[in-house]
Amino acid sequence: MTEKLHYIEFRHVYKTFDHPVLVDVSFELDAGETLAVIGRSGVGKSVSLGHIMGFLKPDQGRVFVSYQDITDFLEPQLREIRKKVTMVFQSGALFDSLTVAENILFSLELRDDYDEKNKEDVVDGLLSMVDLLHFRDAYPADLSTGYKRAVAIARAIASQPECILYDEPTTMVDPIMSGILTNLMLKLKNQLKLTAVVVTHDLELMRNVADRVVFLYEGRAIYFGAVKDLEKAEHPHIKEFLAMDRVELV
C-alpha cells in the first residue's frame, strides 16, 4: 500500500536552542487547506514556520513540504521549495524606498513567465485583488501596520506560490483592519485555492480561516485536529486558553 503524502507534514520533530522548543511535534496539512498554529508566546509557533521554509533544520524528526522530505535538503533545493512556499512576515518586510507598486513588481520579476509588456496590468490586478489599488503610488512609511501586511500579501501572491505562511497577521492591528485581513486570507483560500499555515494568537481568525489547528504548549502539540473540535479538548491548558479568550470578548 502506497503511503499517503501530505503537502506539509511534521513527523516527530524536535528542536532545541538553549531549551527545548519543539518536542515530538507531529501534524499534517493537505493541499488547499489552512492550518492554524496557536499557543502562547515562546511555544515554538514561529520556529515551526522556520522549519517549513528550511531556515531551520530539526534536531530529530522529518519535515515534508510540497510532498517532499526537505529535512536534508541543501540550499539550492530549498530555493526551489521557496518558489512554491512563501512567507508573510509580521513586519511586512517591504522595501521602504520602493512604492507599493514597485514592491509588487520586485516579486513579479522573480517569475519565469513574467511578461514585461503587461507588468502594470498585472500589478494593478494584484492590488485590486487585495483592495489596495488606491495605494499603488504610496510608500510603506505612509501605510498603517495592517495595510503594510496586506501589501506584503499581494507581493507574496505575485510569485504565484502554492502555499503561503502567515506570521501573526492580525497582531497589533485594530478590529476593523483585522477583519479586512481575515477577509483577504479567505479570498485567497477560496479563489486561488492556496494552502496556508497561520501562526496566530487570534482565535477569531483561527475559527474564520482554518480547517485544522495544532495547539503548542511547552513545545509539544497537545492538540491536532479540526477547529470545530478544539472546544471539546480536555487538556486543562486549552480550556484555560479558550476561557481567557471568552473573557476578552465580553
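The values are calculated or read from the model by the stated rules, or taken from the named source; none is laboratory data. All values reported here derive from a predicted model rather than from experimental measurement. For neighbour counting, all protein chains shown are included, and Cβ atoms are generated from backbone atoms with ideal geometry for every residue, glycine included.
Before moving on, here are some points about what is shown:
- Among the residues making up segment 135-169, a single one is surrounded by fewer than 20 Cβ atoms within 10 Å (Cβ to Cβ), charged (D, E, K, R) and within 22 Å of A31 (Cβ to Cβ): E162.
- In segment 220-248, the residues that are more than 23 Å from G42 (Cβ to Cβ) and of a type in the set (F, W, Y) never reach a residue that is at pLDDT below 90 and surrounded by 15 or more Cβ atoms within 10 Å (Cβ to Cβ) with C-beta atoms less than 9 angstrom apart, at least six apart or across chains.
- Only one of the numbered conditions (1) loosely packed, with under 13 Cβ neighbours inside 10 Å; (2) of a type outside the set (K, R); (3) over 30 Å from S26 (Cα atoms) is violated by L132, and that is (1).
- Checklist (1) among the hydrophobic types (A, V, I, L, M, F, W, C); (2) farther than 22 Å from T195 by Cβ; (3) in contact with a Phe, Trp or Tyr (Cβ under 9 Å, 6 or more places away or on another chain); (4) free of Cβ contacts under 8 Å to residues at least 60 places away in the same chain applied to F17, failing item: (3)
- Selection within segment 50-63 - farther than 13 Å from K84 by Cβ, surrounded by fewer than 20 Cβ atoms within 10 Å (Cβ to Cβ) and touching a residue at least 40 places away in the same chain (Cβ under 8 Å): L56, P58, D59, Q60, G61, R62
- Qualifying residue in segment 97-108 (condition: touching a strand residue (DSSP E or B) at 6+ places or on another chain (Cβ under 8 Å), surrounded by 13 or more Cβ atoms within 10 Å (Cβ to Cβ) and touching a residue at least 24 places away in the same chain (Cβ under 8 Å)): no
- Helices (runs of 4 or more DSSP H) contained entirely in segment 137-250, each with at least 3 residues that are out of contact with any strand residue (DSSP E or B) (no Cβ under 9 Å at 6 or more places or on another chain) and either closer than 21 Å to V65 by Cα or of a type outside the set (D, E) (or both): 145-158, 175-192, 236-249
- Flag for A210 being under 30 Å from D24 (Cα atoms), small (G, A, S) and within 15 Å of the chain's Cα centre (by Cα): yes
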